[in-house]
Each structure stands twice: as C-alpha cells, then as structure tokens.
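Here the structure comes first, spelled out in structure tokens, and everything after it is commentary.
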Amino acid sequence: MTKIKIVAATLLTAATLTLTGFSQNAAKPMSLKPPDSPSQAVLANWNDIGRKLIAMAEDFPEDKYDFKPVPAERSFAEQLLHAANANYFFTNLAMNKPAPAEEDPKRADYKTKADIVSFVKKSFADGAAAIQAKGDKGMSDIVTDPFGREQMRISDMAYGFIEHCGEHYGQLAVYYRVAGMVPPESRPKK
C-alpha cells in the first residue's frame, strides 16, 4: 500500500508541475512569423523549384546531357529546355509580352551544358522579376491562359507553371537514378 501512495504522490506532483508550466507558458505571448504576402508566397515557390532545376542542370555531367531512359522520352537537356521555355508562357503573359513562338526550343540551338544552364537560370530569374514587378496587387490580375483559353489570376497561372516544373523535376530525378546517379536534393546534407 505504501508503494501505491508513493507512486500516486509522484504522479500528482508531476501533473501539478506540468500544469503549472503550461499555465506560465500560456501567459507568455508567442511570437509567430506572419504569413508571406501573396507575391512573396508565389516567389518563394517559384525560386524553390528554380533552385532545384538549376542544381540539376549544373550537376548532371555534360556527356550525359543527351541521355534518355527510353528512345520515346526527351533527353535530359530537352527536359530542361522544355521546362525553362515553358516559364515564358507565364512570364511573358504576366509582363504583357507575346508568348514564345514554340513550346520546345531546339537542342541544336543550345549546344553546350553552359548554354542550357544559362537558359534555365535566365528563365527563372525572368519569372522571379515578373512576380516581383506584379507585387501583391498584381497577383490578382486576370489573364487568359494561352492553353486552356480560360481566365485566371496571375498567381494561379504562376502556381500552374511551378507545378509544371515540379513534374519535370520528378522526371529528371528518375533520369538521375536510371543513369546510376543520385539527384542533388536526395544527397545527404552536409
């Protein structure tokens, strides 16, 4: 019986101390980071997928840039060119410029890894500049989607192209694995 009293007293003391700690913490105001503004949120997502694709473009060996897992697929280089060029269907529309003339740039026009890396970097930098130029107010501007022929907000269009790049990022991660390599994002962090 004495053991039960000791255990009960210990549990009661622990519960009292815990509740006292909670009530003291509840009295302290918590400092929360406010949410990003609409344009900051779009920009953060845009820059994040851009960072991942740029890292792949810089990392993948140049002698494997024309690698494709199966003949019907785009090569690694063609995947990057497609994703980067697609960004201009958003960027140009957001900046009241005409859409690109073609969906897929010709690989022959981007002969080296450096050419492709430069194009990928520029496409994300131009998109980021467009998002910043539009600002919070501009995220609600209405544009006509050149593919779906529907009206949509600039922010929704940006998220659509962020998703598009994310899909190509996933495909390129598979290219890495099939080529016997580990994608930069999947490597242990130092």
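Throughout, read-outs are computed from the coordinates displayed, never taken from laboratory work. A quick note: this is a predicted structure, and the numbers were derived from the prediction, not measured. Here the Cβ positions follow ideal geometry from the backbone for every residue, glycine too, while neighbour counts run over all protein chains shown.
Points to keep in mind about this one:
- Gain upon complete extension [GLU163, LYS190; 0.36 nm per residue less C-alpha separation]: 6.9 nm
- Springs join every pair of Cα atoms under 10 Å in this Gaussian network model of the chain, and among ARG149, ARG107, ARG74 the largest mean-square fluctuation is at ARG149.
- With both labels modelled 7 Å from their Cα along Cα-to-Cβ, the ALA129 to MET95 distance reads 0.5 nm.
- Each Cα pair under 8 Å and six or more residues apart adds its sequence gap; the mean of these over the residue count of the chain is a relative contact order of 27 percent.
- Over 24 Å (Cα to Cα) - which of LYS64/LYS111; LYS97/LYS137; LYS113/LYS190; LYS52/LYS189; LYS68/LYS106; LYS68/LYS113 fall in this group: LYS113/LYS190
- Kirkwood hydrodynamic radius of the range 38-184, from inverse mean 1/r over distinct Cα pairs, in Å: 15.6
- Using just its DSSP H runs of length 4 or more, each adding -39500 (n - 2.57), the chain gives a mean residue ellipticity at 222 nm of -22000 deg cm²/dmol after division by all residues.
- Once the chain from ASP63 to ASP36 is taken as fully extended at 0.36 nm per residue, the excess over their C-alpha distance is 5.6 nm.
- GNM flexibility winner over the chain from PHE89, PHE124, PHE147 (Cα, springs under 10 Å): PHE147
- Taking 0.36 nm per residue of separation and subtracting the Cα-Cα distance, full extension of the segment from GLU102 to LYS122 would add 5.5 nm.
- Exposure proxy ranking, count of Cβ atoms within 10 Å, fewest first, for VAL120, VAL182: VAL182, VAL120
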